[in-house]
Structure formats: structure tokens, C-alpha cells
Amino acid sequence: MIDKTEIKNTTGLVWFGNDLRIHDNDVLSLAVKNHSKVIGIYIIDPSLFEENEFGFKKMDVFRAQFLLESLHDLKHQLFTKNISLLVFLDKPEIKLKTICDSYQIDAIYKQKEWTHEENISKIKVQKSIHNTIQIIEVYNQFLYHPEDVNVKIENIPQVFSNLRKKLEKYVAIRATTEVQKLNSTNIINTTNHIPTLNELGFKLFEKDKKTAFPFHGGESESLKRLHNYFFETKKLGFYKKTRNGLIGTDYSSKFSPWLANGSLSARTIYWNVKKFEKDEIKNQSTYWLIFELIWRDYFKYISLKHGNNIFKIGGILNKNYSWSSNRKIIQNWINGETKDDFVNANMIELKRTGWMSNRGRQNVASYFAKELTLDWRIGAAYFESILLDYDVHSNFGNWMYVSGVGNDPRDRKFNTQLQAERYDPAHLFRNRWLQQTLF
């Protein structure tokens, strides 16, 4: 860590990743605390828009648009703190070296990541920059901070409830942090601009009017949504009853896309739940939203424990199932052209909006892996490409879970037709996406 006596006339570079916010951002707070000058940078790697081994772009148009909206908002939010944000479409190892040389950077700050691709990127950057420039990584995406969890990573329980009970009983949630405002001289003179959707290789599009997620990217939008869902409509008080819904904006909190790219922190949500419980009502619904945040943490701890095994076909259980990779069957699933109307409706919603309910995700993933016996990693790769709220830990953790190679102790298979009868008894959701002439 940087000695406080050396702060004067040093410049810190905040390398933003999935932490696109100024509120409760420990990376940004530390950089501002340690340096007299701070610059923000976000680098969009062009490889995100190339097809991977499964034939999908790592980031398709919905998430790309949400990212660009988030970056525009981040630039505005940082400006209120007199911090400039530079955004580039380039390889991180190339651009960061140039920026470090141009602005005489003394240290780089970033959110700590541990999955393969993010680590490779950091290693390449470390090799390209001067060896006197330290990369300081900070855990910045948890509800329960890893330093506070009194369980060694290798001893993280395989069953969610075992960890949850320990966390709830023994670990306190840290307070949120704020960023000090720097002197206006910290703003740098630059003509840098945020790339457009066209520059990323995509065409402009209009959002489907039927989407359950009509919101925009960015911290401002996330805080507006939080305030509305908690304190204006008070829908939080009914969350547990409505969370399995399929239609509309308010059956669930819809926080996940902002959580995924870090426009909103889990701690910000947690402490606002506590405020709601104090000012309005404390019930099963308020607890259940926190419960879902603990699930999110759990998958992060599982990936910390198991590393790259979460990307392997045998998963963290190293199970040897017989998987298919039949392209026609996969494409039918993607297009919503299977024999199952509930699966089809959910997949069409996803393809047209980049969004799908949690109930829908469990069903289509189970159908993909357990009914069609397709290689679950292909389904996970498609979700990564198209989901607005893609998060590497939750995505691969959930896919392993429903595919029988992860943390489900019961290895269950969803009966999609019974699920449809229970959660879409009047066919409203299926009609919405399958019978286009009606809407």
C-alpha cells in the first residue's frame, strides 16, 4: 500500500471494470485517499465482440448498449468529484501503457477479480507497464467482505445454507463508503469520447415495448429504481410474493443488471433495505431480498474456491455426463422453437430484450441440460452473450447448479409444464411472446 507521506504530487489511475459507480466504491475511495491526482479509465476490449468457441460474441448488443449508457453516467458522476474518465476501444495492455507514460501514473487501482480472463488481462498489463507502477486490487463486489468471513476459501461449504447461516450469524456488513471531491485542477483537458454502438460493430435498435426491463444503464438510473421500488411504490414489502412473476417491471427488484456491471453495490441495497425496515415494514419480503444478495455472494465464493473448474464440462463436481452439442437443437432452443411452449416463450423474450425472469432462467437452463442433454457450457455462453445482467460467477454457478455439476444437493430437474401451470396458469406470459398478433 502507498505510504501516506508520499501522497503529495502523485497520480493514481482507477482502472474501472464491473464497478461503474462513485457511491460505495472502495477502489475509487482508496485512490482518492492515496493521491493528490486521480484519473479514471475504462477500456473496452475489442475481443468482446468476436465469436468465441461456441459461436457467440462475449458481449452482444443489449449488454453493449447498457454498458455504454453506464459509462456515460459514470463520466458525469465522476465529473461531480472533479475526476476525468477516459474510455477507449483497445487492448488494455496497449492503452494502459500509453496512459501510464502520458500522465506519469504512480499506481493503478482496480477491482479484484479472480476468474481466468480477467486475470490474464491484468497479467498482460503488468508486463507492459513500468515495473515501478503497482497494481493495487481491492475486493469491491461483495455484500460480505472476504476479509470479514472467518472461513478459509478452501473450506467454503458446498451447500449454500451452511454458508448463509454462518454469515448471517457471525459476519457484519460493512458501512458504505463515499469519495472525497478533488480540486477542480484535477480535471484533465482531453478530446476523448465514449465509443458509439456503431463503433462497437452494432446497429442502433429500439427496445421492445413488452420488455420487463425498460430501464437504462448507469448509477443514476439504479439509484432512481431503488428509491422507486423501496420508498415510492413500497414494492419491496411484497417482494417474496411477487418474485416468481414473469410480466412487468415490478414483480422483482430488477437490480441485477446494475449489480452486474457495478453501477450499484450490494451494500447500498442492503443498507437501504435496513432503512425500509426501520421506516416502513420488516417482513419476509425484506429479508428475502437480502437472502438473494447472499446467494450472489455465495457463487462468488464458490468461484474463488474452485477457480477455473466452474468453466469445465464436469463442473466443480467433476461429473462425467454424456453431453450433446447438436447445433440444430441448440439453435431451436435459442429461437424458441422447441417442443415446450413455456421454454419457447422465455427464450423469445430473452432474444428480443436481453432479459428473462429468474423463474424462466431456471426452467430453460434445466430443459437445455436435463431434457435436451446439451453441453451446459454452451447455454452458459449464450447467456453471457445476451443477458443484460451477465455476471460470471452467478451465470456459471447457476448453470452448474441446474445441470447437475454444481451446488444443488438434490440434482433436481424442472418439470417445465408443471412450472408453466403454476406460474403462468392463464397463459398470459406465453401468449405475450408466442402469439404476436395479440399485442
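Structure values in brief
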{"read-out": "Unmet criterion (only one of (1) farther than 19 Å from W355 by Cα; (2) in a helix (DSSP H, G or I)) for N332", "value": "(1)"}
{"read-out": "Residue match in the range 401-421 (condition: in contact (Cβ under 8 Å) with a residue 12 or more places away in the chain, aliphatic (A, V, I, L, M) and farther than 27 Å from T211 by Cβ)", "value": "yes"}
{"read-out": "Those residues of the range 213-259 which are closer than 23 Å to N363 by Cα, touching a Ser or Thr at 6+ places or on another chain (Cβ under 6 Å) and surrounded by fewer than 20 Cβ atoms within 10 Å (Cβ to Cβ), in sequence order", "value": "K240, R243"}
{"read-out": "In the range 78-111, the residues that are touching a His at 6+ places or on another chain (Cβ under 9 Å) and without any contact (Cβ under 8 Å) to a residue 40 or more places away in the chain", "value": "K97, D101"}
{"read-out": "Y298 vs. criteria at pLDDT below 95 and hydroxyl-bearing (S, T, Y)", "value": "no"}
{"read-out": "Inter-residue pairs, beta-carbon under 7 Å, first on the phi > 0 side of the Ramachandran plot and in the range 1-19, second part of a loop (DSSP other than H, G, I, E, B) and at pLDDT 85 or above, 6+ apart", "value": "N9/S36"}
{"read-out": "So I290, is it in contact with a Lys or Arg (Cβ under 6 Å, 6 or more places away or on another chain) and open to solvent by less than 40 Å² (accessible area, probe 1.4 Å)", "value": "no"}
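The values are calculated or read from the model by the stated rules, or taken from the named source; none is laboratory data. From a predicted model like this one, the values you see are computed outputs, not experimental measurements. Positions of Cβ are generated from backbone atoms using ideal geometry, with glycine treated the same way; all protein chains shown enter the neighbour counts. Surface areas here come from the heavy atoms of the whole protein model, side chains and all, with no ligands, DNA or RNA. Shrake-Rupley method; radii C 1.70, N 1.55, O 1.52, S 1.80 Å.
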